[in-house]
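Before any comments, here is the structure.
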Amino acid sequence: MHALCLPFVSGDLPANFSAISLTLDTAIHSLSAAKTLLAQQTQPSYIAFSPKTPNLLVLACQQLWPDARYLLQEEQAWLELPSGEYWTTTNDNTTTESTEPVLDTVSPQEPTESTPPQVQVFPSTTTINTNSPKSDNYLLDKVFKLASWGENIPENRAQLDELFVELLKRSERNPRLIKRAQKKRDLGALAAKVWIEAEKRLKSTGYTAEFEAWFNQQVNNADGSTAFFLKNKLQKWQTWYRQRKQKFQTNAICTLPELRFSDHHPNSLRHLTPHHHWHILIDETGSEFDNSKQNISDKTLGRMVALAIPYDKVSLPTLKKNFHATSESDALLDKTIKTLLDNPVGIVGITVNDDLLGKSSRWFSGIYMLMRLVLRLLPIQGGQGKVEFFIEQRGGFDAQMSLLPIQQLLETELHALDKERFQHISLILQFSDKNHHPANGYVDAVAHMWAAGSANSKTRLKHSALKGHCLLEPHHDVIDRTYAAIDQKLDLSAKDWYQLVSSISHEPSSSLLHSVLQQLGRQTQQQADIWHRYLDYISQLLKDKNYRLLPLKSALDWLASYAPKTLSLPPMLTLHWYMARLACANHLGKSDISLIEKSLVLGSQLLEENAPDVCHLHLRIAVAATNLFEFNAAQQVLDFWKDQAPRVMGLANYGKYLSSLGQIAAFKGNLSQAITYFDQALETFAQLSDKKDKAKQQQQTQIYRLIAFMDMPEHSDSQVKAQLEQFFMNTLDKVAQRLSMGDDNSRFEHHVLLRAMITRPALFEESYLNNASEWQLGDAHPWPLICAYRAWLLHAKNPNQAVLWMQRAISMCQNEGTTLKWMAEVLTVMAQKQGIDAAHSIDLS
């Protein structure tokens, strides 16, 4: 082995070292000078130094050769760092080669396995390693523990591999170390195997006399370490079994009240009041952290939870020492979760099978991703600040392990992301045991509730409303998870960009999102390809009708604000830009005559190049004309395609063309003609090859057809009911029950059902009103009409609630385009006719 001896080292090196001595001609006054001196040397395996060696030289060695090991010269011995083990010397075999003055060398004595002397604290202020020294015996004990915990767990296996690399290096000093380590590993694996068999027997028959005899035999035949391990595991099992039995005997039920909120969950981290000092407690539950368990309901699936507490602002009641949720009563768990819901603390949780972690995840990769997410969501106060993470230790990840490199990595990421926000925020990361932080039991209770399969735990989780708002599973499409996609490159996918930009109006002022989108906007102005990519995404949403109105408007406004200054869109891309703006204006009931004129001119220029897209543009213009009640103008725009073959405009567009003709006919009161057009459109959509697109287009046109059908006086109530039940493929009472809890995705079906119950009172279903407490509310068309119809239905039995729903309907229309303002006026008149007091006045001049 090659060793570099720094100045002020004297005496004998251990055996098998070839050493080069370094001397100083002048004093070292800077780190760069120290590096220049050392750069002439070849990379050593070991670096020998003494308490008198200048610190700058030792520090320079650390930076130049981070993998090198160190020998500190003490009286008659060499202390190896960072292991804390001692080498001794004898008088033969050490060789020396140098152009500098060379150390006299002697050979070491044969190493012994006696207990090493106590590690001394030397006067040098240089830190060789952030971790405290680990003796050989400590590492050997660690090998046994990790093996006994199960090598089938990737984290344990990875740590064992690292330990053996370290022990292999140390075997130069003590050749018997590897053999001893392998023996410890085998004993640990055997202990794990015996306990697995013990668990099977306990699960099958319980703790019987037969089991006790078998278990005692295993203990008696085992070595000391294995016997201690088995006894300890059995003692823990007996404690768990006794507590579990007591819980079943109490026969308690969940008493946690069901949480209700209107805007955001009270424990939503990004909505908390900004603070300068946070404690973040992290715990996990489950045993599978390598993506092998894909079923979200699997209790062994790894789940990581963070609890954010504003330090010196919120003081949670102290829980008992050694609080462990799996052993606590349901009453105490209810009280613990209730305390969290009643306090301004943040909760964030992710699962190990989340796409955020990539395809190959480990336990700590989940912890790391959770920390990144927390730091992006955290409401940080301007100026100086501190964020302390307390991560519950797991296996070999304990308080002895330094997290300084991870801390520095996170700080670097944050500074690159938003320097002004994070430059004065210091991070502290540490592993801790269950009793290290007084609030650790709270995060343990949340993690347990999320994964536990008992009926009380499931009820507690449901009543807390944390899942889907704070505890995020892969299918939860919420803004919080999109924060994790933000990195310093601001290279957001179109999907992530759309979710972020469409949510900005609802984000608190302290949100990181505001500065991120401003930075991205400035970047987009310089890179037109990003702007084009985002516009393409919106065009596809519009084509698929897979959007909500207000988010779409926010996205289009952002694109307009950050359009590249030298933007010169190709004509076809300009066409898509016009279509997107027309679609948004149409749904808001707004009219932009200038945009319509420019669209018509551009469409005529591109007709030969791309007839289907021009047809799509004309369909949007026709909607704009109907919003102005210019039905004849809409008809004229569509008549251009009257003599065109369907293949010219494309089958999907041809179906939409026929459906549009049906809508115009219905607006004019020609309902029979409208039905004919709708039937032709449905036949056309039936020919589409894309099943998903076929179903979507057919459903929308079927709704138009149902509205026209129920408005025809020659159709009886029973005929209308038959048509509705054929459409919904269920009886009306069950449809009413389902749609009474319907969200934004079912708003068009919802509207047609209520319209039927209003226009055909015989079709009214009481179950809809009985479920009023579950009614949802959205912001896009046709929610104003849904609200108005609810008011109408409520008026006879609950006039006060009727007023509230009618006022909602009117207010949703007031501040939008002319068409919606006119709708507000019509709803006001309708309310007056029904005797619903929803006073309203609009200036329609």
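Every number here is computed from the coordinates shown, using simple stated rules; none is lab data. As the structure is a computational prediction, the values presented were derived from the model and not from experiment. Virtual Cβ from ideal backbone geometry, glycine too; neighbours counted across all protein chains shown.
Beta bridges from DSSP with both residues in the chain: antiparallel share about 40 percent, rounded to the nearest 5. Angle check, please: helix 671-685 long axis (alpha carbons) against the longest principal axis of the chain (alpha carbons), in degrees 0 to 90, nearest 10. Relative to the chain, helix 671-685 is tipped by roughly 40 degrees.
Report note on the peptides 21-27, 769-775, 431-437: ranked by the mean count of other C-beta atoms within 10 Å, highest first, their order is 431-437, 769-775, 21-27.
Modelled spin labels at Ser30 and Met729, positioned 7 Å past Cα toward Cβ, are 7.8 nm from each other.
Basic side chains Lys and Arg get +1 at the Cβ, acidic Asp and Glu get -1 at the Cβ, and with that the dipole of the chain about its Cα centre reaches some 1900 debye. When you restrict to C-alpha pairs under 8 Å that are six or more residues apart and normalise by the size of the chain, the relative contact order lands at 7 percent.
Computing Cα extents along the principal axes in Å for the structure here picks out one of [x] 144, 70, 55; [y] 105, 76, 57; [z] 114, 75, 51, namely [z]. With 21 Å as the limit, the listed pairs Lys233/Lys320; Lys642/Lys692; Lys495/Lys565; Lys656/Lys691; Lys184/Lys231; Lys145/Lys193 have Lys233/Lys320; Lys642/Lys692; Lys495/Lys565 beyond it between alpha carbons.
Could you calculate the FRET efficiency of Leu628 with His415 from 1/(1 + (r/R0)^6), where r is the beta carbon distance between them and R0 is 45 Å, rounded to 0.05? Intermediate results must be reported in sequence, preceding the final value.
Details: r = 53 Å, r/R0 = 1.17.
Efficiency, rounded to the nearest 0.05: 0.30.
Diffusion of segment 778-845 by Stokes-Einstein, at 37 °C in a medium of 0.692 mPa s and with Rh set to the Kirkwood radius over alpha-carbon pairs, works out to 282 µm²/s. The distance separating the Cα centre of segment 597-633 from that of segment 374-435 comes to 55 Å.
So if I place +1 on the C-beta of Lys and Arg and -1 on the C-beta of Asp and Glu, and nothing else carries charge, what would the dipole magnitude of segment 686-772 be about its Cα centre? I want it in debye, nearest 20. Please report the intermediate quantities before stating the final value.
Working: 11 positive and 12 negative charges, 58 e Å.
With Lys and Arg at +1 and Asp and Glu at -1, about 280 debye.
The aspartates and glutamates within cross-link reach of Lys590, meaning a Cα-to-Cα straight distance under 15 Å and a gap of 8 or more places when in the same chain, are Asp557, Glu630, Glu816. Normalising the Debye intensity of segment 510-562 to I(0), with uniform scatterers on Cα atoms only, and taking log10 at q = 0.26 Å⁻¹ returns -1.06.
Given +1 on the Cβ of Lys and Arg, -1 on the Cβ of Asp and Glu, and no further charges, what dipole in debye does segment 778-845 carry about its Cα centre, rounded to the nearest 20?
Details: 5 positive and 5 negative charges, 56 e Å.
It works out to roughly 260 debye.
Name the residue farthest towards the positive end of the dipole of segment 494-670 from the options Gln636, Ser604, Gly669, assuming +1 on Cβ of Lys and Arg, -1 on Cβ of Asp and Glu, about the Cα centre. Going by the Cα projections, it comes out as Gly669.
Normalised by the number of residues in segment 137-250, what is the relative contact order in percent for Cα pairs under 8 Å and 6+ residues apart? Could the numbers behind the result be given before it?
On the way: 74 pairs, mean separation 27.5, N = 114.
Averaging sequence separation for qualifying contacts and normalising by length gives 24 percent for segment 137-250.
Listed from fewest to most Cβ neighbours within 10 Å, the set His750, His277, His781 follows the order His277, His781, His750. Here Asp334, Asp717 are placed in order of increasing Cβ neighbour count within 10 Å, fewest first, which gives Asp717, Asp334.
When both segment 1-70 and segment 665-699 are represented by their alpha-carbon centers, they are found 84 Å apart.
On full extension, the segment bounded by Asn137 and His264 gains 40.4 nm, given 0.36 nm per residue less the C-alpha separation.
Pairwise Cα distances in segment 137-250 exceed 19 Å in 53 percent of cases. Model label sites at Ala494 and Gln400, defined 7 Å from Cα along the beta-carbon direction, differ in position by 5.3 nm. Over the chain, dividing the summed -39,500 (n - 2.57) contributions of all DSSP H runs of at least 4 residues by the number of residues returns a 222 nm mean residue ellipticity of -16500 deg cm²/dmol.
The ranking of Ser10, Ser509, Ser50, Ser148 from fewest to most other beta carbons within 10 Å of each one's beta carbon is Ser509, Ser10, Ser50, Ser148. Label sites at Asp544 and Gln518, each approximated as a point 7 angstrom past Cα along Cα to Cβ, lie 3.3 nm apart.
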